Amino acid sequence: MSTAVRPGAAPGSVELPPPTGLLRRAWKHPRLMHYNRLIALVLTGNLVLLWYGLADDGAVGARSLSHAALGNLALAVVVRQQYVVNALFRIATSAPVHWPLKVRWTLAKVYHFGGLHVGGALAGTLWFLALVAVTTAQGAPAAVLAAGYALAVLCVVIVATALPPFRARFHDHFERIHRYGGWAALALLWAHTLLVARARGAFPPAEPAFWLLAVVTASVALPWLRLRRVPVAVETPSPHVALARFDHGVTPFAGSSTAISRSPLGQWHSFANVPEPGRSGFRLTVSRAGDWTGRFIDDRPGTVWVKGITTAGVANVETLFRKVVYVATGSGIGPCLPHLLAGEVPARLVWATRSPRATYGDALVDEILGVQPEAVVWDTAEHGKPDMVALAWSVYREFGAEAVICISNKKLTWQVVHGLERRGVPAYGAIWDS
């Protein structure tokens, strides 16, 4: 394949614009990204509740602590429910493109909703620790205290193992603790709530906590109620990548993702769906990025498990803009391809990858160039690694785009997103908060 780098597109010939003013640049710092702002918003809201609770008599009662803990934990769970995620994307992307760019720029950060999950989990855990301390001082029944202490310890473990240092180094352990620990915490929360109601002589369904817990339980259970085993046809154009085709009666929308597993109680991995216009089913692009994906490529399965519903991904924010530039490296082309095929928004592709045809096969590369004849395809085996910020800026400026969407590894995604945003360019990419 001849590398489709057009004259003037080489990053070495591009002079990046200077960063914006100090204040605006500071506001775009990674530590102040919308994800962290949402965490701060939830925690600030809880501090306000605490202040109002203490303002009356200098103390917060056990009942108020219980409601605060359960409300925050419910937020942490429900905001990640697939139907809720899709609803958030639909609401945020319903804004018309004639709205001011600054408004659309902010709305497109909808995929940072995980900050609500983190804020709710942190606040809920702190409220529950306070509840356990108060009920201990009040001499609650032994059964209530036992359930309370067990749940408090479990919540602390879940929060501690979800912190970035542990999650990055022991991601598989983090996923298991989060899943099985979460199920156990939900069971203990039910036990604690019912035991408290019994101690008060209350009828559980008459308590607000009962119905809030029912909503949380339904939210957790719903994806698993849709669990099924489906056939898959896997093609491996190279030892680096597998193209998995599904056609089991589901044709997902462009820009969604599907979680698959070879064992329902084992590891689950989400991949971007690539539906083809006018054809049922969809494809997934699985690149070698660890033990699980390596086994998937080397030992191609005939069936896999799927659960839940297809869920909106970051690139769905494209509809908020008149024109976008997609920046992808390697198998990051997978999440970009369905949008390029659908052609809902005028787009231009920048794809840096090693030996595209040898790695992904002629058919896939030809399909990409068929819908993106002006794409910039940078063969890293031939030209080395480019300056992706400069390359993205060059195409953004030339194409007259309003935004850049980057699909790559964590380090490069943040480099591109923050490198462009601090220069006044709306840019978006995954934040690896799952």
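The values are calculated or read from the model by the stated rules, or taken from the named source; none is laboratory data. In this text, all values refer to a predicted model and were calculated from it rather than measured experimentally. All Cβ positions, even for glycine, are placed from backbone atoms using ideal geometry, and neighbour counts span all protein chains on display.
Odds and ends about this structure:
- Within the range 51-65, tally of residues that are surrounded by fewer than 16 Cβ atoms within 10 Å (Cβ to Cβ), part of a loop (DSSP other than H, G, I, E, B) and modelled with pLDDT of 70 or more: 1
- Breaking point among (1) surrounded by fewer than 20 Cβ atoms within 10 Å (Cβ to Cβ); (2) at pLDDT 95 or above, for LYS410: (2)
- Count of residues meeting criterion [surrounded by fewer than 15 Cβ atoms within 10 Å (Cβ to Cβ) and at negative phi] in the range 188-229: 19
- Considering (1) without any contact (Cβ under 8 Å) to a residue 24 or more places away in the chain; (2) outside any loop (DSSP other than H, G, I, E, B), the lone condition that VAL317 does not fulfil carries the number (1).
- Subset of the range 201-210 [in contact with a Lys or Arg (Cβ under 9 Å, 6 or more places away or on another chain) and part of a helix (DSSP H, G or I)]: PRO204
- Residues of the range 285-294 that turn out to be part of a helix (DSSP H, G or I) and in contact (Cβ under 8 Å) with a residue 12 or more places away in the chain, as a count: 2
- Pairs are defined by a Cβ separation below 7 Å, a sequence spacing of at least 6 or placement on different chains, a first member in the range 249-265 that is free of Cβ contacts under 8 Å to residues at least 60 places away in the same chain and farther than 16 Å from ALA342 by Cα, and a second member that is of a type in the set (S, T, N, Q) and in a loop (DSSP other than H, G, I, E, B); the pairs so defined are THR258/ASN273; THR258/THR310; SER261/GLN267.
Yes or no, residue by residue, for (1) modelled with pLDDT of 95 or more; (2) buried (at least 20 other Cβ atoms within 10 Å of the Cβ); (3) under 19 Å from TRP190 (Cβ atoms):
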{"residue": "ALA123", "(1), (2), (3)": "yes, yes, no"}
{"residue": "ALA137", "(1), (2), (3)": "no, no, no"}
{"residue": "ALA143", "(1), (2), (3)": "yes, no, yes"}
{"residue": "ALA150", "(1), (2), (3)": "yes, no, yes"}
{"residue": "VAL153", "(1), (2), (3)": "yes, no, yes"}
{"residue": "PRO165", "(1), (2), (3)": "no, no, no"}
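- Within the range 85-119, considering residues that are of a type in the set (S, T, N, Q) and assigned to a loop (DSSP other than H, G, I, E, B), the one surrounded by the most Cβ atoms within 10 Å (Cβ to Cβ): THR93
- When residues of the range 68-83 are limited to those that are β-branched (Val, Ile, Thr) and touching a residue at least 60 places away in the same chain (Cβ under 8 Å), the one surrounded by the most Cβ atoms within 10 Å (Cβ to Cβ): VAL77
- Checking each residue in the range 375-387 for being outside any helix (DSSP H, G or I) and touching a residue at least 24 places away in the same chain (Cβ under 8 Å) picks out ALA375, VAL376, VAL377, TRP378, ASP379, LYS385, PRO386, ASP387.
- Residue check for ARG288: at pLDDT 90 or above and of a type in the set (Lys, Arg): no
- Pick from the range 198-227, criterion of a type in the set (Phe, Trp, Tyr) and in contact (Cβ under 8 Å) with a residue 12 or more places away in the chain, ranking: nearest to LEU186 (Cα to Cα): PHE210
- Only residues that are modelled with pLDDT of 75 or more and either within 30 Å of the chain's Cα centre (by Cα) or closer than 30 Å to ALA381 by Cβ (or both) were counted in the range 1-20, giving 4.
- Top-ranked residue of the range 341-374 - restricted to ones that are among the small types (Gly, Ala, Ser) and assigned to a loop (DSSP other than H, G, I, E, B), ranked as surrounded by the most Cβ atoms within 10 Å (Cβ to Cβ): GLY361
- Checking the range 321-332 against the condition returns a match, with at least one residue being closer than 20 Å to ALA87 by Cα and in a loop (DSSP other than H, G, I, E, B).
- Test: residue in the range 127-138 that is assigned to a loop (DSSP other than H, G, I, E, B) and either out of contact with any Asp or Glu (no Cβ under 6 Å at 6 or more places or on another chain) or outside the structural domain of ALA259 (by TED's automatic domain parsing) (or both): yes
- Test: residue in the range 29-41 that is within 30 Å of ALA427 (Cβ to Cβ) and without any contact (Cβ under 8 Å) to a residue 40 or more places away in the chain: yes
- Failed criterion for SER238 (all others in (1) over 24 Å from the mean Cα position of the chain (by Cα); (2) farther than 30 Å from GLY294 by Cα; (3) hydroxyl-bearing (Ser, Thr, Tyr) hold): (2)
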